[in-house]
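The structure appears below as structure tokens.
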Amino acid sequence: MKINPGSSRSLRLGHKLILVIVFVVALSSMATTVLFFVYGQDIVRESIWTDMKKLLLNKDEQLLSHVTRRDYWSMFRIVQSLSSSHIVDSAWIMDKDGYMLAHSDPDSYPVLSKSTEALHADISHQISGVSGSLGTLYMEINGAAIASSLAPLKKLVYLGNFLVLTISVGFACFFSRHITRRFNRIFHEVQKAARGHPGDVDEVRFAEDDEIQRLASELKHAFHGLADSLENTRFAQEFYNSVLSTVPDIVLVVEADGTIIYANAQHEQLGYPLHQLLGIRWQSLFKQTPALQPHGDTSSGWLTGEGVVSVNGRKFPALITLSTLSSYDIVAIQNIETVKALERQMHYANTFAALGKLSANFAHEIKNTISPIRLLYRIDHHTEQDIAIMEQSIKQVDGLVTKYLNFARTDTAVSDFSVRMDRIALELLSLHDSQVQEKQLTVKTQLEPAPLYYNEEALRSIIKNLLLNAIDASPHGACIWLTLHTRDEQVVLTMADMGEGISDDDKERIFEPFFTTKPSGSGIGLATVNHHVQSMSGHMIVRDRPEGGAFFTVILPKNRQHTFNPEKLQPLPES
Ligand SMILES: Nc1ncnc2c1ncn2[C@@H]1O[C@H](COP(=O)(O)OP(=O)(O)OP(=O)(O)O)[C@@H](O)[C@H]1O
Ligand SMILES: [Mg+2]
């Protein structure tokens with residue numbers, strides 16, 4: 001904002017004000033003078049005639065002297081008496097046909113003559129005698145007399161004009177100085193704002209509480225408001241600049257068509273100087289235009305996706321986040337080369353660690369299971385009991401290998417056919433009814449129809465392992481709750497029991513393969529369940545029932561694109 005020095009401006013304003021006022025006053029006095037000169041003589045004549053009328057006419061506008069029909073002598077006396085005044089040069093009366101009836105000058109006394117064209121009259125007036133209309137009375141006024149009667153008036157007009165002009169100039173000077181002085185004080189304050197300090201603008205106080213005072217007050221409030229928002233903007237700018245310069249991501253501001261109009265310092269990772277980067281489309285930085293998906297809750301307005309930046313000889317995998325502002329979009333490009341490498345390393349490390357642990361546990365289990373066989377096969381003569389023990393051990397090894405194979409299966413969890421999970425649950429309940437009866441347990445179910453497009457064996461394995469664990473954990477005569485609900489895009493399975501529950505330490509380990517606290521357990525059940533749930537993009541939660549016992553929740557997306565949302569977690573069912 002730039003404002004020129006206020007004083008010279010306001011002086012010009014003052015001059016203009018003076019000029020306008022003086023011009024208006026001069027114009028009006030000129031008009032008065034012109035009017036005076038144009039109509040002044042008429043006014044004088046009118047006043048002369050008014051005086052004359054008092055001498056000649058009665059209130060009915062009839063001649064005072066008893067002029068009868070064409071009483072030339074009387075008429076001559078009238079005109080004679082009129083012309084004897086120094087104001088009237090000559091006077092005459094003519095009848096309606098233009099015949100001269102009487103004239104004040106005997107030399108020009110063309111009685112009954114019709115030649116009246118040469119006569120010039122200043123005043124004319126219809127007159128009547130006792131017997132009706134006589135004709136017209138004409139008078140030629142003495143010009144010098146009129147001029148002399150106008151002279152004092154003229155002086156008065158000149159003097160009046162001069163006085164009016166002088167007063168108006170004085171008043172204009174005072175008025176304009178007064179206004180410009182007040183404006184100058186306001187400008188002085190405005191200049192503070194123009195120099196970048198709107199917060200320093202003070203309110204100017206005047207004696208008069210008028211529009212200029214209100215303007216001064218409003219300006220102060222406006223500039224202080226501006227100062228506040230400037231302060232906020234400066235803070236926001238500094239904050240965002242520091243955030244933008246410290247974030248490791250490349251942040252681009254792009255127009256609706258993707259054209260880059262701003263880039264933070266991290267753009268150097270692209271190997272482009274800033275001026276070359278501006279104006280190109282952000283999508284052109286990628287080998288293939290990345291496909292962006294709504295991030296989490298669609299109302300957040302964020303899109304994310306992965307792509308490979310391939311530009312200027314540089315190539316790296318990147319995570320892209322696009323958020324839409326009112327007029328621009330913000331594109332954040334995160335180099336995930338290191339993350340990917342770490343992920344790969346972690347994956348290998350985890351795989352090897354898991355494989356090592358799994359193999360060790362598996363070997364240990366097999367070794368334990370076949371140890372009776374190893375001891376018994378050296379004996380020459382086997383009793384039936386020995387054979388039964390060996391058979392049992394072989395069965396156990398077989399079961400262990402089957403479980404291991406099930407766990408290690410990498411079948412795709414998705415199926416082209418829908419499977420009713422509620423029906424699977426009912427089948428499993430009847431299959432394991434003998435175990436339920438053995439412990440005199442009660443199984444309470446609430447099963448909604450839940451068709452899912454997942455591998456049937458995987459779904460069966462999930463319910464079966466949870467059910468068997470619940471049966472194992474339940475004391476004699478206890479209750480087990482099995483529910484299956486569908487809501488929005490999810491299917492929620494819960495399994496609760498009245499057992500001892502799971503300690504916090506064990507909760508962290510129960511999904512590890514071969515973790516078991518049971519003498520005859522293999523510890524593969526929950527690892528298998530977890531493996532299947534993960535492969536279905538689902539989620540598993542283990543909690544304690546408030547009254548004791550374990551409470552397992554499995555949330556599976558009906559459609560695999562909808563993943564678990566912890567905010568929509570179902571509360572614990574009433575016991
Ligand atoms: N409902 C439950 N109540 C208490 N503890 C449980 C429950 N379910 C699982 N656990 C604990 O988690 C451990 C691991 O369970 P998991 O099903 O993986 O193996 P397992 O039942 O011991 O053997 P298996 O491989 O035969 O299933 C169990 O040994 C037990 O300690
Ligand atoms: Mg189990």
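The values are calculated or read from the model by the stated rules, or taken from the named source; none is laboratory data. Note that the structure is predicted; figures quoted are calculated from it, not measured. Here the Cβ is made from the backbone with ideal geometry for all residues, glycine too, and neighbour counts use every protein chain on show. Heavy atoms of the whole protein, side chains included, go into the accessibility calculation; ligands, DNA and RNA do not. Shrake-Rupley method; radii C 1.70, N 1.55, O 1.52, S 1.80 Å.
Summary table
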read-out: Using distinct alpha-carbon pairs, which all enter the 1/r mean, Kirkwood radius of region 336-397 in Å; value: 14.4
read-out: Inter-site label distance for Thr33 and Gln437 at 7 Å from Cα along Cβ, in nm; value: 13.5
read-out: Heavy atoms of Arg281 accessible to a 1.4 Å probe, total area in Å² rounded to 10; value: 120
read-out: Estimated dipole of the chain in Debye, rounded to 20 [Cβ of Lys and Arg +1, of Asp and Glu -1, Cα centre]; value: 1700
read-out: Cα-based convex hull, region 409-568, per residue volume (Å³, whole number); value: 116
read-out: Mean-position separation - Cα centroids, region 180-219 and region 381-398, in angstrom; value: 106
read-out: Exposure ranking of Cys479, Cys173 by accessible area [1.4 Å probe, largest first]; value: Cys173, Cys479
read-out: Under 15 Å from Lys395, Cα to Cα: aspartates and glutamates that are on another chain or at least 8 residues apart; value: Glu365, Asp386
read-out: Helical contribution to [θ] at 222 nm, DSSP H n ≥ 4, -39,500 (n - 2.57), averaged over the chain, rounded to 500; value: -16500 deg cm²/dmol
read-out: Loop-located trypsin sites (Lys or Arg not before Pro) in region 447-518, at most 16 other Cβ atoms within 10 Å (DSSP); value: Arg509
read-out: Per-q log10 I(q)/I(0), region 119-225, q = 0.15, 0.16 Å⁻¹ (Debye; single scatterer per alpha-carbon; no solvent); value: -0.83, -0.86
read-out: The chain, accessible surface, carbon-and-sulfur percent (1.4 angstrom probe); value: 57
read-out: Per-residue SASA entry for Asp122, accessible area with 1.4 Å probe, Å² rounded to 10; value: 40
read-out: Per residue accessible area in Å² of region 198-242, where ligands, DNA and RNA are left out and the probe is 1.4 Å; value: 71
read-out: Largest to smallest accessible area among Val24, Val542 [probe 1.4 Å]; value: Val24, Val542
read-out: Accessible area in square angstrom per residue, region 431-491, 1.4 angstrom probe; value: 47
read-out: Net lengthening on full extension, Leu426/His382 (0.36 nm per residue, minus Cα-Cα); value: 11.5 nm
read-out: DSSP H segments from the chain that extend 27 Å or more along their own axis, Cα-based, with Kyte-Doolittle mean of 0.0 or above; value: 6-56, 143-194
read-out: Using distinct alpha-carbon pairs, which all enter the 1/r mean, Kirkwood radius of the chain in Å; value: 37.6
